[in-house]
Structures are given as structure tokens and as C-alpha cells.
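Since the structure comes first, as C-alpha cells, the remarks are kept for the end.
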DNA sequence: TTAGGGTTAG
């Protein structure tokens, strides 16, 4: 071991500490905890000590040798002199070793103190960054715990870390906790900033509590904080979302009057207003905001173009939406997944699935990766258009590319096959869904029950009701209506009534479809007293009654040639329709 | 990415 090694290792430690390397910190900590003797001068110093120990041993040996020699020489004064020299050497060696050990201990103590200070400082940063990362990841419980731990140790994170916490809590709809932290900030510091209040305001807007958001907005000034453009944009957005366009416009104009850029529009605020107008059906007003931006020379961007494209898709002008897509391309804005999804969605809604698939091809050729939303819209569109096999190909493509769709996507395909009475393919998709780790839900089972009934296996539908319980699923109104309908069509009136009782017991209220199915079976069985009683119950239930129950009864009474009953029902029908 | 705008919608 060379002494130089000691120096270079020390320098490395110091440099790394100065650089704030956490790895180094852990390394140092490890060394501290595993014995300071090993720190800085470990092996080299020990080697030095060993060498010196060797020297001592050698001296002692020499001393012993010398004694032997002197004995052999038989000279006492020389022996005494040699002994003195030997002890002097030993004293010097011991003193040197003790001094060396003392200096080592001092260096180690000072290093320990320094490391302790560094640990506090670096841990402070490290913990703050961990809190921020946890907040971005939505792990608010862990983030709060770490924050609380820091506060307990009298380490107060900076305002930005606090803002991360507040924003994370607000996004999680944990406004009470967020407010509690803000109160703590006002009490102990760091003082909240505009971003702190913006997070709170946005949190209330997300919870649809615009009144509370406006209230928070009005308290900012009490704490010496002025709202900024972001604050206003959050509120304008919330007001638009609630359909309060006039209030949003007032705020927009108030913002313009305070604008330092000579009263010109702000891109984001104008985009929010434009989107709000499109979504509230006011295309002219939306375009007025767009024209104003262009007139004032505001640099529009991809998002504002996407808002226009979406706006025209909403007003069923897909042709104009295309035109704006081309315009944005000409200006150098490359359409993104939002632009393409907007077009795909509009085309699917119009039933133009081939055009939607064409747009899908274009986007993939342009290097824009379709997302879950793209596939969901195309698969739903194809299933509505009864192109189930084509939809299934898209599902396969998703799976090949490791995109596992949500249950809805599987369900629409199962439902699609079921509506064709193709129980084999419907069941196959359900099995595949489970194999890919996606749990079936109530829609899955309702689609499977429908598939069994549609394919004529009415008795096979009932075990599915038991099977869904294994997944912790409770049959809903749709399930009972399907099962009651199936029992009625088989003339199994007792089974139908049992299912009716079961649904009432489980707190599932029958609707007009349940009543219609039961009326049908009573009529088929000639149980007209029961039918009349049930019909009276239906009219008294307060449910919106459509034409079906009336037609079922009228048809039956016609067959029975009880025309006064038919006329009476017709009168009642007219009264109901007028309501 | 300390806070603000755009795509679905059983």
C-alpha cells in the first residue's frame, strides 16, 4: 500500500461529497458504520503500523540479539548503552504510533462530524426529491409519510416540494389534506406561492366545486399573493366546463384589460374559450376567438388547431375538420395522436369505419403511434357496424404489440359475437381476456348471457349467473331482465317470478322491461288477473311507461275479444303519452 | 415536471 493512495482516496471522498453524490454518501456511511479504522488511511496506515511493529519486533529482536551478542562479548556498559538506545527507539516508535493514532482519531472525528453535516444536507435534498417523485407517481401516502418524518426531524422542505405535495393531493381529490398543509405553511413556512393556490383552485375545479375554487381565489390577496394568468386560465376553464360561458368571457376580458401586452389575447386562454364555445354548441363565437387570435398575430399552435378540428367534428363538419388538418400540416404542425383520434372518433360515430381505418393507416405511416383510445374507438365503431371479425383483428394486433385493452374493448367484441349468436367466439374472447389478466365485469357476463340466449341455449344462461358470483359480481337489472326474459320465452313462469323476487330481495328495482317480460308470460299463460294486477303496479310505480306493455295487453285482449278492455287500455295509453 | 388548453365516454 502506498501513502499516495490514502491522499487520493480522501480527495475522492471530498470531491464526491462536494458533488453531492448520494452513492458516495452511502459509501461513506457504510464505511462509518463499519469502523472508522478502515476510513481514509485504512490499509495503508495499518501497513505502516505493521511495518513499524515489524521494526519494533526487529528492534526487540535486535535488542535480544544485541543482549546475546553483548553477553557473548561480556561488556556491561556497552550492554547498558545498547539497552538505552533500544528503549529510546521503542519509546520513539510507541510515541510516534500513539501520536499517529491520536491524529487518526482526530481526523476521523472531524470527518465524522463533517459527514454528519453532509448527511443532513444531502438527505434533505434526497428526501425532497423522493417526495416530488412520489407525488408525480401519485403515491401520496408514502410522500406524506416522508414529508411528516422530515418535519418531525425539524427539516422543512422547500416551497416547491410542498407545492408538489399539494398538487398531488389535489389531483387525488384530497383537498382537506392539501388545505391542512397550506395552513401549516402559513404557520411555520415556507410561505405559499401563487402555484400553491393554483393547485388548490384546480383541485376544487376538478371536484366540480367552482364556488370553493372562486372562494380560494378571493382569499389569495389576504395572504399577499396576486393571482396570475395560470390562476385565471384554471378558472376560465372550469367556468366553460360548467357551461357558464358568459362568466368565463367576463373573466377573459378582465384578464385582457390587465394584460401587459397591449391587451392582446393569450394563446391558452383563447384556446380554452374557443374549446368551451365549440363544446357548448356556439361555433360562431368559437371562430370569433380564433379569428381574433390570428388578427392579433398570436402564434397559434398544435393544440389550438386540434381544438378547431375537434370543434368541427362536434358540429358534424368532418370535411372542414380535414381542411384544418391540412392547414396545420402546411404550417408545419405535424398532427399528433389527438388530431388523428379526433378524426377517427368522428368517422366512427358517423359509421364510416373504412375511412376511420384509413386514418389509422395514415397515422401509423406518419409515425404517430395509435393509443388505447384509437383502438377503442375503432373496435367500438367496427362492432356497431357489425364488423366483428375486423374488430377482432385490431384486438389481436393490440395484443401482439403488448397493448392490453381495458374490459370495455373485450366486452364490445364479446357482445358483437353474442349478438350474432356466435357463442363459441364470444366464449373464446372471454377466455382470452382472462388469460391476459383482464377480469370480466358485469358487462362481460351480460354479453355472455345474451349470447347464450340469442343462440338458443337459454338453460346455459343460468349457470353464468352463478359463475359471475365467483368473480364477486352481482347481477344487475340487465342480467335479471335477460334471465327473466329467457325464462318467460320458455314459459317457465315460476322461474321468472323467482328471479323477480330475487332481484327485489337484492335491492334491484325492476324497470319497464322487467314488467313487460312478466306481462308477456302472464298473457301467454292466460293469467289475465295477474297481468292486470302487475300492469296496475307498473302504472303506479312512477316509471316512464312506453308503448310495449300497452301493446302486449291490448293484443291479448283483442284475441280474447274483450274490446272494452282494449278501449280502456287505449284511453290509458293516450293519457300516459300526454304526460 | 411547482400551477393552465386538445382526443373516448359503456
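Just one of A:439, A:448, A:473 is in a helix (DSSP H, G or I) and out of contact with any strand residue (DSSP E or B) (no Cβ under 7 Å at 6 or more places or on another chain); which is it? Give the derivation first.
Working: A:439 fails: in a helix (DSSP H, G or I); A:473 fails: in a helix (DSSP H, G or I).
Result of the check over A:439, A:448, A:473: A:448.
Scanning region A:548-568 for residues that are within 15 Å of residue A:519 (Cα to Cα) and out of contact with any helix residue (DSSP H, G or I) (no Cβ under 7 Å at 6 or more places or on another chain) returns A:551, A:555.
Which residues, taken from region A:400-422, are more than 10 Å from DNA strand B (Cβ to nearest atom) and either in a helix (DSSP H, G or I) or free of Cβ contacts under 8 Å to residues at least 24 places away in the same chain (or both)?
A:400, A:401, A:402, A:413, A:414, A:416, A:417, A:418, A:419
Residues that are assigned to a loop (DSSP other than H, G, I, E, B) and either within 11 Å of DNA strand B (Cβ to nearest atom) or in contact with a helix residue (DSSP H, G or I) (Cβ under 9 Å, 6 or more places away or on another chain) (or both) within region A:239-260 comprise A:242, A:243, A:244, A:259, listed in sequence order.
Screening residue A:196 on (1) modelled with pLDDT of 90 or more; (2) closer than 19 Å to residue A:275 by Cβ shows it passes everything except condition (2). Here residue A:208 fulfils each of the conditions (1) away from DNA strand B (no atom under 13 Å from the Cβ); (2) outside the structural domain of residue A:147 (by the TED database); (3) not in a helix (DSSP H, G or I) apart from (2).
Can you pull out the residues in region A:218-238 that are within 12 Å of DNA strand B (Cβ to nearest atom) and in a helix (DSSP H, G or I)? Across region A:218-238, the qualifying residues are A:220, A:229, A:230, A:231, A:232, A:233, A:234, A:235, A:236, A:237, A:238.
For (1) surrounded by 13 or more Cβ atoms within 10 Å (Cβ to Cβ); (2) modelled with pLDDT of 90 or more; (3) in a helix (DSSP H, G or I), each residue gets a yes or a no:
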site	(1), (2), (3)
A:517	yes, yes, yes
A:544	no, no, no
A:551	yes, yes, yes
A:554	yes, yes, yes
A:576	yes, no, yes
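Note on region A:325-357: residues that are outside any loop (DSSP other than H, G, I, E, B) and either within 12 Å of DNA strand B (Cβ to nearest atom) or in contact with a strand residue (DSSP E or B) (Cβ under 9 Å, 6 or more places away or on another chain) (or both) total 16.
The values are calculated or read from the model by the stated rules, or taken from the named source; none is laboratory data. It should be emphasised that the depicted structure is a prediction, and the values quoted were computed from it without experimental measurement. Because the Cβ atoms are built from the backbone with ideal geometry, glycine has one as well, and the counts that use them run over all protein chains shown.
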